[in-house]
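A.B. asks: Have a look at this one.
The values are calculated or read from the model by the stated rules, or taken from the named source; none is laboratory data. This one's a predicted model, so the numbers in the text were calculated from it and none came from an experiment. Note that we place each Cβ from the backbone using ideal geometry, even for glycine, and neighbour counts take in every protein chain shown.
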Amino acid sequence: MIIQTTKKLRQLEALIKMSSLVNSTLDTKEIRKRAIEAAQELVEAEAGSLLLVDQETGELYFEVATGEKGDKVKEVRLKMGEGIAGWVAEKGEAVIVHDVKKDPRFFSGVDQKSNFTTRNILAVPVRTKDKNMGVLEAINKKNGYFDNDDLEILQAFANQLAIAIENANLYEELKETFYGTIEALAETIEKRDPYTGGHTKRVMNYSLLIGKAMGLSPKELENLKLAAILHDIGKIGIKDRVLLKEGKLTDEEALEMNMHPKYGAEILEHIKQLKDVIPGMRGHHERYDGSGYPDGLKGKEIPLFARIIAVADAYDAMTTDRPYRKGLPKEVAINELLRYAGKHFDPDIVKIFVESVLQSDTTHAF
């Protein structure tokens, strides 16, 4: 009795910890990874797997699987009702199978694929009130057999997991909608000037190339991506006669064109979620020697994202055809960046970009 109580307390403590962990992030991949780790810890299993329902085909697929051959298992798909996991998904009921070889529902193809030997399984449905999301499995009890206490604690965790996955999926959908809106907004600028088609996407890709080479965090890369997408959004406030002029701008027209970073910042300052993005967008025409605009910033005073976008923007502008000139060859554009490193551009960022471009044929990759 004391042993059983101790086990339950240990499982409840682990459940609270694991539920807290999966609900502390909106990263779907991280949630799924933590789910498997939780399944193994909660019921002391050798391995675990999370099978999700493909909403288009209705099949189950291994989103995460642990163990030595986990990656092999990910290639397997099961039809609804196929295998023990398929049965659990179809019926919406948890199950303990003490000896899989004696259970007609057992699908041996997974073991054959992974060279893993399954002895026993505890499988529970992962679902909300109105949605069947998948199945969480604990495989091979380390000591003894899975029991009803194991089933109850794993099912309790699976209920928490379903909510976490649903929240993360909703967040991803909202984020995709947000990015779609931002990109559509940026494209309205390009539609006004047919000669800059694809510029925004290329600048974004070049900027991310630099950011990744610099080891920026995922959050920093996300903000850099947004700043690059939006870097020219202020051109929406520039008159067509200036924006679309094919020849050299007059001094007055140049001053008006130079206002676009400031206009962009003013447009976006009303969106609080973009407060970390605005400095990179506003400062992408600042120059390292202080001769840029709109604020005349110098050196490291210029926000990092702005220094990155400045290099990406200049490179794309040089290598893209315009109505009044042909784009420069890659080698010539690189030499121009090197020539103005320390004057117009951050020399460290130029070095990183040039090395990255030379290592991967970037102009073709994008």
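A.B. asks: If you take the residues in region 322-345 that are assigned to a loop (DSSP other than H, G, I, E, B) and of a type in the set (Phe, Trp, Tyr), which one is nearest to Met257 (Cα to Cα)?
C.D. replies: Looking at residues that are assigned to a loop (DSSP other than H, G, I, E, B) and of a type in the set (Phe, Trp, Tyr), I get Tyr324.
A.B. asks: If you don't mind, another one. Just name the residue that is surrounded by the most Cβ atoms within 10 Å (Cβ to Cβ) out of those in region 260-289 that are more than 23 Å from Lys300 (Cβ to Cβ) and touching a helix residue (DSSP H, G or I) at 6+ places or on another chain (Cβ under 7 Å).
C.D. replies: Result: His260.
A.B. asks: Still on this structure, I have one more. Of Gly234, Gly180, Gly211, which residue is farther than 30 Å from Ile121 by Cβ, in contact with a Pro (Cβ under 8 Å, 6 or more places away or on another chain) and not in a loop (DSSP other than H, G, I, E, B)?
C.D. replies: Exactly one of Gly234, Gly180, Gly211 is farther than 30 Å from Ile121 by Cβ, in contact with a Pro (Cβ under 8 Å, 6 or more places away or on another chain) and not in a loop (DSSP other than H, G, I, E, B), namely Gly234.
A.B. asks: Taking region 329-349 as the search range and keeping residues that are within 16 Å of His284 (Cβ to Cβ) and out of contact with any Asp or Glu (no Cβ under 8 Å at 6 or more places or on another chain), which one is surrounded by the fewest Cβ atoms within 10 Å (Cβ to Cβ)?
C.D. replies: Result: Tyr340.
A.B. asks: Moving on to the next point. Check Lys91 against each of (1) at pLDDT below 75; (2) farther than 21 Å from Ala164 by Cβ and name the one condition it does not meet.
C.D. replies: Among (1) at pLDDT below 75; (2) farther than 21 Å from Ala164 by Cβ, the lone unmet condition for Lys91 is (1).
A.B. asks: If Leu230 satisfies every condition in (1) of a type outside the set (Ser, Thr, Tyr); (2) closer than 21 Å to Val357 by Cβ; (3) crowded, with 22+ Cβ neighbours inside 10 Å but one, which is the exception?
C.D. replies: Of the numbered conditions (1) of a type outside the set (Ser, Thr, Tyr); (2) closer than 21 Å to Val357 by Cβ; (3) crowded, with 22+ Cβ neighbours inside 10 Å, the odd one out for Leu230 is (2).
To keep it simple, each residue is scored yes or no on (1) at pLDDT below 95; (2) touching an Asp or Glu at 6+ places or on another chain (Cβ under 8 Å).
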position	(1), (2)
Leu255	yes, no
Glu266	yes, no
Gly280	no, no
Glu286	no, yes
Ile309	no, no
Met318	yes, yes
Gly327	yes, yes
Val357	yes, no
Ser360	yes, no
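A.B. asks: Please determine whether any residue of region 121-133 is buried (at least 18 other Cβ atoms within 10 Å of the Cβ) and part of a loop (DSSP other than H, G, I, E, B).
C.D. replies: Scanning region 121-133 turns up no residue that is buried (at least 18 other Cβ atoms within 10 Å of the Cβ) and part of a loop (DSSP other than H, G, I, E, B).
A.B. asks: Of all residues in region 263-321 being among the acidic types (Asp, Glu) and in a helix (DSSP H, G or I), which is farthest from Ala341 (Cα to Cα)? If you could, list the steps in order and put the result at the bottom.
C.D. replies: Our first condition is that a residue be among the acidic types (Asp, Glu); within region 263-321, this holds for 266, 269, 276, 286, 289, 295, 301, 313, 316, 321.
Now restrict to residues that are in a helix (DSSP H, G or I): 266, 301, 313, 316.
Numbers: Glu266: 30, Glu301: 16, Asp313: 14, Asp316: 16 Å.
Here the residue is Glu266.
A.B. asks: Would you mind stating whether Thr200 is surrounded by fewer than 13 Cβ atoms within 10 Å (Cβ to Cβ), among the polar types (S, T, N, Q) and either without any contact (Cβ under 8 Å) to a residue 60 or more places away in the chain or touching a strand residue (DSSP E or B) at 6+ places or on another chain (Cβ under 6 Å) (or both)?
C.D. replies: Considered against the rule, which asks whether it is surrounded by fewer than 13 Cβ atoms within 10 Å (Cβ to Cβ), among the polar types (S, T, N, Q) and either without any contact (Cβ under 8 Å) to a residue 60 or more places away in the chain or touching a strand residue (DSSP E or B) at 6+ places or on another chain (Cβ under 6 Å) (or both), Thr200 comes out as no.
A.B. asks: Then there is this: So which pairs qualify, if the first residue must be in region 167-194 and touching a residue at least 60 places away in the same chain (Cβ under 8 Å) and surrounded by 13 or more Cβ atoms within 10 Å (Cβ to Cβ), the second must be in a helix (DSSP H, G or I) and aliphatic (A, V, I, L, M), the Cβ gap must be under 7 Å, and the two must be at least 6 apart or on different chains?
C.D. replies: Once the first residue is touching a residue at least 60 places away in the same chain (Cβ under 8 Å) and surrounded by 13 or more Cβ atoms within 10 Å (Cβ to Cβ) and sits in region 167-194, its partners that are in a helix (DSSP H, G or I) and aliphatic (A, V, I, L, M) give Ala168/Ile31.
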